[in-house]
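The values are calculated or read from the model by the stated rules, or taken from the named source; none is laboratory data. As the structure is a computational prediction, the values presented were derived from the model and not from experiment. No Cβ is skipped: glycine too gets one built from the backbone with ideal geometry, and neighbour counts run over all protein chains shown.
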Amino acid sequence: MTPAEVERIKDAIKQTDAIFALEGFEPTDEIRAIDAAVLAGRVTRAQVIEEMRDFAMQHKTTDGFIQSRAWA
């Protein structure tokens, strides 16, 4: 990931967090772990979405998702 891409993602994360904060939602530790992994280039957003969807379909929850990921 280029430095420009990292900055663009950081800006998108800040904007998303601000929008959710207006509704009273704060990022969870899991969301912060995903954001950190994406910014570090260990995983893409598309990969996270696919893996989380598959995990949720199999386990009927997202509890334990982050702990089960090598990239987290």
Review point. Pairs under 7 Å by beta carbon, first residue closer than 9 Å to residue 30 by Cβ in the range 58-72, partner hydrophobic (A, V, I, L, M, F, W, C) and exposed (fewer than 12 other Cβ atoms within 10 Å of the Cβ), six or more apart or different chains?
Key: none
Exercise for review: State yes or no: is residue 40 out of contact with any helix residue (DSSP H, G or I) (no Cβ under 7 Å at 6 or more places or on another chain), within 13 Å of residue 71 (Cα to Cα), without any contact (Cβ under 8 Å) to a residue 12 or more places away in the chain and surrounded by 10 or more Cβ atoms within 10 Å (Cβ to Cβ)?
Suggested key: yes
Point to revise | Every residue from the range 1-22 that is among the aliphatic types (A, V, I, L, M) and within 11 Å of residue 39 (Cβ to Cβ) | key: 1, 6, 9, 12, 13
Practice item. Looking only at the range 60-68, decide whether some residue is at pLDDT below 95 and of a type in the set (Gly, Ala, Ser). Key: no
Check your understanding: Do you know which residues across the range 18-27 are over 24 Å from residue 5 (Cβ atoms) and either of a type in the set (Ser, Thr, Tyr) or not in a loop (DSSP other than H, G, I, E, B) (or both)?
Key -> 21, 22
Revision key, fill the gap. The condition from (1) surrounded by fewer than 14 Cβ atoms within 10 Å (Cβ to Cβ); (2) over 27 Å from residue 4 (Cα atoms); (3) more than 13 Å from the chain's Cα centre (by Cα) that residue 62 misses is numbered (3)
Point to revise | residue 42 vs. criteria out of contact with any strand residue (DSSP E or B) (no Cβ under 7 Å at 6 or more places or on another chain), on the phi < 0 side of the Ramachandran plot and not in a helix (DSSP H, G or I) | key: yes
